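The values are calculated or read from the model by the stated rules, or taken from the named source; none is laboratory data. Remember, it's a predicted structure, so these values are computed and weren't measured experimentally. Cβ: placed from backbone, ideal geometry, glycine included. Neighbour counts: every protein chain shown. Surface accessibility is based on the protein's heavy atoms, side chains included, excluding ligands, DNA and RNA. Shrake-Rupley method; radii C 1.70, N 1.55, O 1.52, S 1.80 Å.
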Amino acid sequence: MSNENQTPTTPTEPAQRSDSTSPFLNSPLPQGTPQGQQQSLQQEFNDAPISNVPKYNLPRGAGKTGNVGDTTHFGYQTVKAEDKAQKVAEVFHSVASKYDIMNDLMSFGIHRLWKRFAINMSGVRRGQHVLDIAGGTGDLAKVFSREVGPQGRVVLSDINESMLNVGRDRLLDAGCTNVDFVLANAETLEPFADNSFDLLTISFGLRNVTDKDAALEAMYRVLKPGGRLLVLEFSKPVFEPFSKLYDFYSFTALPIMGKLVANDAESYKYLAESIRMHPDQRTLKSMMEQAGFKNCDYHNLTGGIVAVHRGFKL
């Protein structure tokens, strides 16, 4: 566990939602586009392709700042920074349909406990506005939908259309009518207005972002004063003998499982490599502070395999 346990300011209550615009976006939603806002649109949205949801994709390389050079890492490979997003997209297009099954297999179901811990740290309350970044198949968004209630709002965002398709279908099938679904680049979060959300979460997604500093700055921008950010991500094990066993499992068992279950060993080889290239606990905490977050702390789970980072916009 981290050694910081300060109790920050409680997030403020959100503003009332307009009928014609989303309070999160810099411009009105296209008229007639089903966004899951109303029960009457439920079947129409279920049947609609994801292309009917407003797309806020940015050009490749958009949002790249001086924090990332001309090249970056894709797992252990060195690639052009402008090419990483496309390579990551190919990974998740490939694994989207088996993503949840593989998560259960790879973690022996423990990922559900990690996510529950993060949700318990969120302090989410009824009526609040929540943005789940790189939310994929919607595990966290589904819980937040219930916690914020009909007066609250949840946005499930992802840059990957295949993952967002899976998440949209799951949440609509579960009756989550207070959720919006938006394709968005985590490095800019450009569709979203400043000071829009009480809570931001990103679960197992930050390591795939090319410019993490830019992403953290964007998260700070769209968070309301008094709001909090939670980052749930793989991290650095704190016990060396355990770390060696974890390495053996990651680089041997994961690709085999990926081949057998998802017919894709390479994507799970990338998964193991991307975890090793991600900043460790102290480095990520420092990056969050550099982006403006206050009272930052982190909590190691399962010996540091995973950590939950928390920061506040005061």
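Among the residues of segment 177-192, those identified as on the phi < 0 side of the Ramachandran plot, open to solvent by less than 10 Å² (accessible area, probe 1.4 Å) and in contact with a helix residue (DSSP H, G or I) (Cβ under 7 Å, 6 or more places away or on another chain) are VAL179, PHE181, LEU183, PHE192. Among the residues of segment 269-284, is any of a type in the set (Lys, Arg) and either closer than 13 Å to GLU217 by Cα or buried (at least 22 other Cβ atoms within 10 Å of the Cβ) (or both)? No, segment 269-284 contains no residue that is of a type in the set (Lys, Arg) and either closer than 13 Å to GLU217 by Cα or buried (at least 22 other Cβ atoms within 10 Å of the Cβ) (or both). If the condition is being among the aliphatic types (A, V, I, L, M) and part of a loop (DSSP other than H, G, I, E, B), then segment 137-180 contributes ILE159, ALA174. Does any residue of segment 170-183 turn out to be of a type in the set (S, T, N, Q) and in contact (Cβ under 8 Å) with a residue 40 or more places away in the chain? Checked segment 170-183: at least one residue is of a type in the set (S, T, N, Q) and in contact (Cβ under 8 Å) with a residue 40 or more places away in the chain. Residues in segment 117-132 that are assigned to a helix (DSSP H, G or I) and open to solvent by less than 30 Å² (accessible area, probe 1.4 Å) were compared, and the one that is nearest to SER196 (Cα to Cα) is SER122. The residues in segment 141-156 that are of a type in the set (A, V, I, L, M, F, W, C) and open to solvent by 10 Å² or more (accessible area, probe 1.4 Å) can be counted, and the count is 1.
For segment 229-252, what are the residues that are open to solvent by less than 30 Å² (accessible area, probe 1.4 Å) and of a type outside the set (Asp, Glu)? If the condition is that a residue be open to solvent by less than 30 Å² (accessible area, probe 1.4 Å) and of a type outside the set (Asp, Glu), then LEU229, LEU230, VAL231, LEU232, SER235, PRO237, SER243, TYR246, SER250 are the ones that fit. Which one is most open to solvent (accessible area, probe 1.4 Å), of the residues in segment 92-116 that are modelled with pLDDT of 85 or more and outside any loop (DSSP other than H, G, I, E, B)? Among those that are modelled with pLDDT of 85 or more and outside any loop (DSSP other than H, G, I, E, B), it is ARG112. For segment 256-268, filtered to residues that are under 23 Å from PRO237 (Cα atoms) and of a type in the set (A, V, I, L, M, F, W, C), the residue that is most open to solvent (accessible area, probe 1.4 Å) is ILE256.
Could you look through segment 193-213, keep only residues that are surrounded by fewer than 23 Cβ atoms within 10 Å (Cβ to Cβ) and among the hydrophobic types (A, V, I, L, M, F, W, C), and pick out the one that is nearest to ALA134 (Cα to Cα)? By that ranking, first place goes to PHE204.
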